[in-house]
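Trainee: Starting off with a structure, shown below.
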Amino acid sequence: MLETYEFSITASKAKVRSALLDPFLFSGVMGHISILQVVDEATGEYVSPGKLIKPGRDFRVLYVFGTPDTKLHVVLGYMRGPEVSGSTITYSGKTDDHKLEWKAEFYLNDTNSGTSIKIGLDVNYKSSALEKLVGKSPFQLAQHFIQEHIIPYMKLYFKEETIEQGMSVAEVQRIEGDIAEIVPKIRQLIQNITTGFIIIKRNNLRASIQVINGQPTMMKMIKGNKIITGNDVLASLVMESGSGVAVAYEIDVEKALDSASEQVSKSIDISQRKYESQA
């Protein structure tokens with residue numbers, strides 16, 4: 001049964017998109033899916049995250065139904081995602097016995113105050129016994145995922161970072177696809193920025209390139225527990241594979257400085273007593 005819901009939040013589209021591209025965060029928000037293993041594209045086998053070489057988009061998961069106050073039911077299964085097409089991000093999954101199948105699609109659009117999010121969640125049972133076990137119809141379970149998990153998380157915990165509150169940051173350009181195809185286009189992203197930064201992300205990797213006066217300055221990449229800096233960042237990115245995204249942001253320096261000066265001026269305490277004692 002397909003359940004749809006649309007709502008808006010003040011967070012930027014780039015921030016929402018970045019969060020939804022993290023399968024571990026997504027499964028946690030869903031509340032009933034626990035990732036056990038990830039397929040390793042290097043070997044084609046499911047392994048624990050600590051043994052991954054090239055993370056894929058297929059996962060072995062544990063579906064958990066019930067609450068701590070009721071009896072819990074667990075079922076092994078699969079999850080796949082994120083799959084990206086334009087402004088749509090898709091996840092899907094099923095149990096090992098194929099009695100439960102689901103598909104979630106997120107459609108993101110910019111608004112004047114943040115992001116409009118439309119969720120389409122399709123849940124199907126192929127067994128009446130499973131419906132009795134879960135205690136909800138497919139439609140009710142879809143509603144539960146959306147209204148009791150996804151929306152509360154987005155509205156209550158999805159806070160803007162300090163940089164978005166204290167600085168004027170605008171997304172200039174976005175490139176999605178295989179990392180190997182993105183890296184050669186980084187120079188193009190740099191040329192489109194005067195002062196700002198570029199963020200490159202994939203499942204287990206994130207990198208940043210600062211740009212000042214149209215020239216790249218500090219570069220940093222974090223992959224797992226490893227930190228790479230300087231020119232080694234681009235050399236390392238060339239060796240990566242798998243889907244990812246690179247986003248270029250421009251910073252309005254004048255607004256950023258004005259905002260910073262306002263905040264600092266408010267924090268300065270002038271003690272009249274001190275000046276009077278010195279008179």
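The values are calculated or read from the model by the stated rules, or taken from the named source; none is laboratory data. Keep in mind the model is a prediction, meaning the values are calculated, not measured. Using ideal geometry, Cβ is built from the backbone for each residue, glycine included, and neighbour counts are taken over all protein chains shown. Side chains are part of the model used for accessible areas, which takes the heavy atoms of the whole protein and leaves out ligands, DNA and RNA. Shrake-Rupley method; radii C 1.70, N 1.55, O 1.52, S 1.80 Å.
Trainee: One residue is enough: does the range 45-55 have a residue meeting the conditions charged (D, E, K, R) and under 16 Å from the mean Cα position of the chain (by Cα)?
Mentor: Within the range 45-55, none of the residues are charged (D, E, K, R) and under 16 Å from the mean Cα position of the chain (by Cα).
Trainee: Filter the range 81-110 down to the residues that are loosely packed, with under 15 Cβ neighbours inside 10 Å and not polar (S, T, N, Q) and list them by number.
Mentor: Across the range 81-110, the qualifying residues are Glu83, Gly86, Asp96, Asp97, His98, Asp110.
Trainee: Would the range 63-72 turn up any residue that is hydroxyl-bearing (Ser, Thr, Tyr), in contact (Cβ under 8 Å) with a residue 40 or more places away in the chain, open to solvent by less than 20 Å² (accessible area, probe 1.4 Å) and not assigned by the TED database to the domain that holds Gly244?
Mentor: Looking through the range 63-72, none of the residues is hydroxyl-bearing (Ser, Thr, Tyr), in contact (Cβ under 8 Å) with a residue 40 or more places away in the chain, open to solvent by less than 20 Å² (accessible area, probe 1.4 Å) and not assigned by the TED database to the domain that holds Gly244.
Trainee: May I ask you to list the residues in the range 29-54 that are open to solvent by 50 Å² or more (accessible area, probe 1.4 Å), touching a helix residue (DSSP H, G or I) at 6+ places or on another chain (Cβ under 9 Å) and not in a strand (DSSP E or B)?
Mentor: The answer is Pro49, and nothing else.
Trainee: Would you mind finding the one in Ser168, Ser127, Ser137, Ser113 that is over 30 Å from Lys94 (Cα atoms) and either modelled with pLDDT of 85 or more or open to solvent by less than 50 Å² (accessible area, probe 1.4 Å) (or both)?
Mentor: Ser168
Trainee: Got a sec? Which of Ser208, Ser236 is polar (S, T, N, Q), in a helix (DSSP H, G or I), modelled with pLDDT of 85 or more and surrounded by 13 or more Cβ atoms within 10 Å (Cβ to Cβ)?
Mentor: Checking each option against the conditions leaves just Ser236.
Trainee: When you check Asp58 against the structure, is it open to solvent by less than 40 Å² (accessible area, probe 1.4 Å) and more than 25 Å from Val247 (Cβ to Cβ), yes or no?
Mentor: no
Trainee: Just the residues that are surrounded by 14 or more Cβ atoms within 10 Å (Cβ to Cβ) and out of contact with any helix residue (DSSP H, G or I) (no Cβ under 6 Å at 6 or more places or on another chain), please, taken from the range 182-193.
Mentor: Ile182, Ile186, Leu189, Ile190, Asn192, Ile193
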